[in-house]
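Peer 1: Handing you this structure, nothing more for now.
The values are calculated or read from the model by the stated rules, or taken from the named source; none is laboratory data. This structure is a prediction, so every number in the text was calculated from the model and none was measured. FYI the Cβ positions are ideal-geometry reconstructions off the backbone, even for glycines, and counts take in every protein chain you see.
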Amino acid sequence: MLIPVILSVTFILFVILSLAPGDVARMVLGQDATPEQVATLNHQMGLDRPLLVRYVRYMGNAMKFDFGRSWTGNFDVLAEFSHRLPYTLLVSVLALLFATAIGIPLGIASAIKQYSLLDYGSTFIVMLLFSMPAFWLGTMCQIFFCLTLRWLPVSGISTWKSFILPPVILGANTLASMIRMSRTSMLDVVKMDYIRTARAKGASNHDVILHHAIRNSLIPVVTQIGISFAGTIGGAVVTESIFAIPGIGTMLINAVKGRDVPVVMGTVIFITIIVGVINLVVDLICALVDPRIDLAS
Amino acid sequence: MSDTTNEKYLLEIKDLFVQYNTDDAVVHAVNGLNLRLKSGEKLGLVGETGAGKTTLALSILQLLPKKVGQIASGSIKYKGEELIGKPDSYMLGLRGRRMSMIFQDPMTSLNPTKTVGDQILEVLQLHFPDLSKAEKDAKVDEMLQLVGIPASRKGEYPHQFSGGMKQRIVIAMALIAEPELLLADEPTTALDVTIQAQILELMRRLKDQFNSAVILITHSLGIVAEFCDNVSVIYSGHVVEHGSVEQIFGSDAKHPYTAGLINCIPDLAKDEARLKPIPGRMADPRHLPAGCCFADRCPHCMEICKTVPPRMYEKDGHQILCHLFEEKDGK
Amino acid sequence: MLFGKKKKPLSEYSTGELIMFRFRKNKLAMVGVFMFLFVTIFILLAPLIRPYDLVVKQNISHKLQAPNTQYIFGTDELGRDLLARILYGGRISLFCSLAIIGIAFVIGAIIGGAAGFFGGKVDTILMRVVDMLMSVPSALLAMAIITALGNGVWKLVIALSIGQIARFARMVRSSVLTLRNMEYVEAAKCFGSSSRRIIIKHILPNGIGPIVVSATLTLGAVILSISSMGYLGLGVASPTPEWGTIISENKVNIQYYPYLGIIPGICIMLTVMSVNFIGDGLRDAFDPKTKS
């Protein structure tokens with residue numbers, strides 16, 4: 001199921017990126033290059049062939065795990081991506097853990113104690129986080145915690161402390177989603193008829209929440225995690241830029257600015273595949289948690 | 001005199017007033033309701049939608065929505081003990097064990113992520129924690145067989161059962177602790193007619209087996225006639241007529257509302273061109289009228305009905321709340 | 001209509017008027033409306049407040065001044081008036097976002113409407129393309145398009161629109177499909193209503209609700225996207241004034257001149273917050289049952 005989607009996505013991306021200025025060779029060689037040199041390089045890079053041919057060649061190479069070399073840097077796309085991926089994944093996973101570990105309990109607690117100070121407080125935090133640009137939060141926190149207070153390293157990945165602030169910034173938006181989603185879900189579940197049935201059986205509030213409400217309320221939350229992940233990957237670009245983390249994000253930004261097509265193409269494809277796989281995993285988890293979902297489908 | 005009479009009744013409700021405090025207005029759902037139920041008695045509670053029947057049932061179990069629902073005044077006595085004002089911990093011991101409730105819609109009454117067996121087992125875990133696991137499992141199996149569901153299916157989930165079977169599961173949950181009082185809120189309304197009959201038959205069998213008293217809430221007079229010993233007709237949150245099934249259906253003396261309800265049912269024997277509904281709608285529970293609540297729909301409405309609330313007149317246990325019967329009552 | 005008082009009993013209002021009434025009652029939503037109007041008016045009146053040349057005019061002798069009477073928002077390290085840069089920067093952040101939503105809404109509605117209405121092959125082809133576009137995270141898709149098109153405000157608008165067009169197309173298609181089969185449409189047909197009447201009286205008010213709500217809530221996300229791209233220097237870059245670029249170009253100085261970072265950040269936050277309030281208010285107004 002995933003394969004045809006991947007194929008078509010690569011085609012669309014290829015088409016989009018083919019709109020990049022044809023004179024890449026000139027860019028690579030510089031302004032002083034002679035027309036002959038440009039033509040030679042164009043031919044070498046295969047940039048003078050029709051679109052479909054180029055696409056087929058690209059996909060052919062891709063099957064052999066050859067995604068080309070960077071036009072502006074001197075590296076192999078797949079190799080560099082693999083080298084940088086662990087850092088991005090580490091920060092992203094930490095961000096997700098942060099967001100779920102704090103967000104879900106906070107959301108559930110807000111729902112249980114509706115209209116309390118906790119509830120209003122977390123609603124306020126959610127509002128703030130959804131309106132705040134991540135790069136601003138990141139920059140301000142970096143200045144405050146790293147420069148002014150000197151508690152944390154400003155950038156890079158030198159110590160374990162380098163991995164405290166970036167995940168928090170990256171996970172801020174997901175944190176807000178988790179709080180809001182689990183709160184809403186819990187409030188919905190508590191109004192359900194089967195909760196009333198449980199109470200009529202003599203279950204205390206504590207029993208009802210623990211044994212009946214939580215499992216049901218987590219089902220939409222799991223789905224939300226999957227959706228948030230795609231956004232988290234997009235946000236990783238910003239976070240890595242602020243904290244100079246040598247991950248996929250920094251590579252991508254430079255590639256976009258330098259109009260380095262192979263790098264952009266490869267990176268976007270890889271990340272799309274990763275996001276697709278994550279969504280499949282999320283679907284599987286949903287099917288495991290919710291007995292109404294048929295695993296076969 | 002009052003002490004011995006209290007002992008006679010399993011459930012005694014006096015002058016109960018229940019309201020919902022919403023943002024717009026106060027909804028007076030139950031207004032001065034009186035009810036007495038003996039052990040093992042089958043009482044039918046008849047009335048249209050919005051008459052306050054479900055509110056009454058929830059009030060007995062003290063399960064009204066916490067912020068909005070409020071028992072304004074009155075008394076609910078269970079086996080002589082006043083329930084209103086009792087802490088939640090006391091009610092937890094009663095619910096599911098001594099009094100249980102079946103709700104209207106079986107499709108949504110069961111937890112979709114728990115197996116059917118676990119949900120029935122939960123009642124035992126809550127109220128008979130000392131039983132061993134084997135004993136509990138055996139009881140669950142036994143109960144499932146009693147309601148006509150193979151015990152082998154207890155590991156399945158609610159969505160794998162039909163509506164009728166779901167309701168049986170709900171009944172199993174309600175009766176496994178052998179309660180003294182069963183509140184059944186329109187248990188068959190959401191089911192089709194053939195299943196209705198099966199469910200009622202099941203309830204009758206089980207009620208006899210465990211000798212539970214049953215309050216059957218319904219808007220169907222047919223079900224009441226078939227299943228119940230006594231009937232209370234409810235309108236605008238209070239009882240307008242009470243009596244045995246024979247008195248309600250057979251006697252000439254009737255509250256005009258009851259008469260209207262019985263008239264609504266088309267007669268198979270006669271050739272009728274039109275149905276005879278009761279015109280108008282029930283009084284707005286946010287703004288109850290000063291006199292009789294039924295006045296604006298009553299074909300026998302008199303001047304006094306609009307301003308003075310009627311008294312309850314009684315003859316041989318047949319009670320009617322209507323000015324029409326003033327002369328008949330000696331008091 | 002927005003500011004009148006309730007005169008008739010509730011049952012006599014049309015669906016549209018009821019929605020407006022519920023929206024009005026929502027205090028947070030009204031705060032959002034005022035905040036948004038406030039920001040928009042200021043940005044629109046930018047030329048009256050500060051002439052454009054102040055945006056680029058460098059006055060090194062006045063550099064890095066904290067907010068004072070002459071420079072209400074202070075100056076940056078090149079002596080440029082921060083207020084001017086923020087006012088004109090707001091034009092890009094805000095108006096481009098509105099343009100993106102507008103474009104996405106219109107084109108998405110056409111595509112989604114066509115897919116839902118005609119069904120069959122048209123539907124399949126259109127939705128395949130939409131699905132493919134949606135499986136790529138939107139930020140990455142925008143970056144790919146920027147790589148292809150290069151820098152420039154309008155190119156940024158196109159880049160961010162494509163992803164949104166796909167989302168809107170999906171939503172509109174789903175609305176059209178649902179409503180086509182709704183029972184009340186069949187009921188209306190039974191009563192003899194003409195197709196046009198059905199569409200106007202029934203489909204439009206019920207179908208458009210979720211789409212309008214989604215559009216408003218997405219507007220906030222788009223404003224954040226644009227400023228993020230600006231911060232990274234993709235699409236728009238310094239010295240073009242845009243709330244994101246302003247923050248990035250002043251990064252080095254924020255530690256000792258915090259107003260350079262705080263002020264543009266708060267502008268973004270207030271604008272997005274106001275839009276979110278409006279979106280939430282609209283959602284509760286269209287369907288009060290979902291209110292918690």
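Peer 1: Could we say that residue C:136 is closer than 30 Å to residue A:255 by Cβ, surrounded by 14 or more Cβ atoms within 10 Å (Cβ to Cβ) and touching a residue at least 60 places away in the same chain (Cβ under 8 Å) here?
Peer 2: Values: closer than 30 Å to residue A:255 by Cβ: yes; surrounded by 14 or more Cβ atoms within 10 Å (Cβ to Cβ): yes; touching a residue at least 60 places away in the same chain (Cβ under 8 Å): no.
Considered against the rule, which asks whether it is closer than 30 Å to residue A:255 by Cβ, surrounded by 14 or more Cβ atoms within 10 Å (Cβ to Cβ) and touching a residue at least 60 places away in the same chain (Cβ under 8 Å), residue C:136 comes out as no.
Peer 1: Right, something else. Among residues belonging to the stretch B:158-197 that are surrounded by fewer than 20 Cβ atoms within 10 Å (Cβ to Cβ) and more than 24 Å from the chain's Cα centre (by Cα), point out the one that is nearest to residue B:227 (Cα to Cα).
Peer 2: Across the stretch B:158-197, the extreme among qualifying residues is B:162.
Peer 1: Inspect all residues belonging to the stretch A:138-155 and state whether any of them is touching a residue at least 12 places away in the same chain (Cβ under 8 Å) and either under 18 Å from the mean Cα position of the chain (by Cα) or within 14 Å of chain B (Cβ to nearest Cβ) (or both). Give the derivation first.
Peer 2: At the first step, the residues of the stretch A:138-155 found to be touching a residue at least 12 places away in the same chain (Cβ under 8 Å) are A:138-139, A:141-142, A:145-146, A:152, A:154-155.
Next, only the ones that are either under 18 Å from the mean Cα position of the chain (by Cα) or within 14 Å of chain B (Cβ to nearest Cβ) (or both) stay: A:138.
For the stretch A:138-155, residues touching a residue at least 12 places away in the same chain (Cβ under 8 Å) and either under 18 Å from the mean Cα position of the chain (by Cα) or within 14 Å of chain B (Cβ to nearest Cβ) (or both): present.
Peer 1: Now a separate question. Here is a list: C:203, C:223. Which entry is in a helix (DSSP H, G or I), modelled with pLDDT under 80 and surrounded by 20 or more Cβ atoms within 10 Å (Cβ to Cβ)?
Peer 2: Details: C:223 fails: modelled with pLDDT under 80.
Of C:203, C:223, the one residue that is in a helix (DSSP H, G or I), modelled with pLDDT under 80 and surrounded by 20 or more Cβ atoms within 10 Å (Cβ to Cβ) is C:203.
Peer 1: Still on this structure: Which is more than 19 Å from residue C:210 (Cα to Cα), at the interface with chain A (Cβ under 10 Å from one of its Cβ atoms) and part of a helix (DSSP H, G or I), of C:140, C:156? Break it down into steps so the answer makes sense when it comes.
Peer 2: Values: C:156 fails: at the interface with chain A (Cβ under 10 Å from one of its Cβ atoms).
Exactly one of C:140, C:156 is more than 19 Å from residue C:210 (Cα to Cα), at the interface with chain A (Cβ under 10 Å from one of its Cβ atoms) and part of a helix (DSSP H, G or I), namely C:140.
Peer 1: Still on this structure, I have one more. Name the helices (runs of 4 or more DSSP H) wholly inside the stretch B:106-211 in which the number of residues that are of a type in the set (Ser, Thr, Tyr) and within 12 Å of another protein chain (Cβ to nearest Cβ) is 2 or more. Let's see the steps before the verdict.
Peer 2: Details: elements: B:106-109, B:116-127, B:133-146, B:163-175, B:193-210.
In the stretch B:106-211, B:106-109 are the helices (runs of 4 or more DSSP H) which contain 2 or more residues that are of a type in the set (Ser, Thr, Tyr) and within 12 Å of another protein chain (Cβ to nearest Cβ).
Peer 1: Can I ask one more? Give the stretch B:294-305 a look and list any residue that's buried (at least 17 other Cβ atoms within 10 Å of the Cβ) and over 11 Å from residue B:322 (Cβ atoms), or say none. Walk me through how you get there before you give the answer.
Peer 2: Let us first name the residues in the stretch B:294-305 that are buried (at least 17 other Cβ atoms within 10 Å of the Cβ), namely B:294-295, B:297-298, B:301, B:305.
The one that is buried (at least 17 other Cβ atoms within 10 Å of the Cβ) and over 11 Å from residue B:322 (Cβ atoms): B:297.
Peer 1: Sticking with this structure for a sec: Would you check if residue A:197 is farther than 30 Å from residue A:156 by Cα, touching a strand residue (DSSP E or B) at 6+ places or on another chain (Cβ under 9 Å) and facing another protein chain (nearest Cβ under 7 Å)? Spell out how you get there, then give the answer.
Peer 2: Values: farther than 30 Å from residue A:156 by Cα: yes; touching a strand residue (DSSP E or B) at 6+ places or on another chain (Cβ under 9 Å): yes; facing another protein chain (nearest Cβ under 7 Å): yes.
When the stated conditions are applied, residue A:197 passes them.
Peer 1: Which of the following residues is touching a helix residue (DSSP H, G or I) at 6+ places or on another chain (Cβ under 9 Å), crowded, with 18+ Cβ neighbours inside 10 Å, of a type outside the set (Lys, Arg) and at the interface with another protein chain (Cβ under 9 Å from one of its Cβ atoms): A:178, A:132? Talk me through it step by step, then tell me what you get.
Peer 2: Details: A:178 fails: at the interface with another protein chain (Cβ under 9 Å from one of its Cβ atoms).
Exactly one of A:178, A:132 is touching a helix residue (DSSP H, G or I) at 6+ places or on another chain (Cβ under 9 Å), crowded, with 18+ Cβ neighbours inside 10 Å, of a type outside the set (Lys, Arg) and at the interface with another protein chain (Cβ under 9 Å from one of its Cβ atoms), namely A:132.
Peer 1: What number of residues within the stretch B:91-125 satisfy the criterion of being touching a residue at least 60 places away in the same chain (Cβ under 8 Å) and among the β-branched types (Val, Ile, Thr)? Spell out how you get there, then give the answer.
Peer 2: Within the stretch B:91-125, the first condition is being touching a residue at least 60 places away in the same chain (Cβ under 8 Å), and the residues that meet it are B:96-107, B:109-110.
If we keep only those that are among the β-branched types (Val, Ile, Thr) too, we end up with B:102.
Qualifying residue count, the stretch B:91-125: 1.
Peer 1: Taking residue C:167 and the conditions (1) part of a helix (DSSP H, G or I); (2) within 30 Å of residue C:260 (Cβ to Cβ), which numbered condition does it fall short on, given that it satisfies the others?
Peer 2: With respect to (1) part of a helix (DSSP H, G or I); (2) within 30 Å of residue C:260 (Cβ to Cβ), residue C:167 is out only on (2).
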